[in-house]
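The values are calculated or read from the model by the stated rules, or taken from the named source; none is laboratory data. Fair warning: this is a prediction, and the values are worked out from it, not measured in the lab. Here the Cβ positions follow ideal geometry from the backbone for every residue, glycine too, while neighbour counts run over all protein chains shown.
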Amino acid sequence: MATILNVRMSERRRELMLTVLNERPSSKVLITHLYHLDRITRCDELLHWLIKAKLTGQTLIDHIIAGRVTPLELARFVIKRLNRDLVERPIIGGKDYLL
């Protein structure tokens, strides 16, 4: 858990991530995805959308495992929903994803 809850993280983001973990703090799949989602520039919006859509804890893990979803695919899917786009746009390193 120490890798996710790092020093540079704001309290708001920390609370959002803990809400998304939702009683599943030992899930390696979820922790790995949250680690990579932390690098997305719109991470707070993305986490808030996951919570609002009730994709947290075991529900999110089931979604990730069933669809074999990578962290960037998950981010692309949520950003599509946030922008209300008809198509998924690629995640651009340096712009959408912090390198």
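Residue by residue through the stretch 79-99, note down the ones that are surrounded by 10 or more Cβ atoms within 10 Å (Cβ to Cβ), touching a residue at least 40 places away in the same chain (Cβ under 8 Å) and closer than 10 Å to Ile40 by Cα. Correct list: Ile91, Asp96, Tyr97, Leu98. Of the helices (runs of 4 or more DSSP H) lying entirely inside the stretch 29-99, those containing at least 1 residues that are closer than 19 Å to Met9 by Cα and under 13 Å from the mean Cα position of the chain (by Cα) span 43-52, 71-83.
Exactly one residue out of Leu55, Leu60, Leu46, Leu50 is surrounded by 17 or more Cβ atoms within 10 Å (Cβ to Cβ), modelled with pLDDT of 90 or more and under 13 Å from Val29 (Cβ atoms), and it is Leu60.
Scanning the stretch 35-53 for residues that are touching an Asp or Glu at 6+ places or on another chain (Cβ under 9 Å) and closer than 13 Å to Leu99 by Cα returns Ile40, Thr41.
Listed here are the residues, each with its yes/no results for (1) among the basic types (Lys, Arg); (2) at pLDDT below 90; (3) under 25 Å from Arg89 (Cα atoms); (4) exposed (fewer than 14 other Cβ atoms within 10 Å of the Cβ).
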site	(1), (2), (3), (4)
Met1	no, yes, no, yes
Leu5	no, yes, no, yes
Asn22	no, yes, no, no
Thr70	no, no, yes, yes
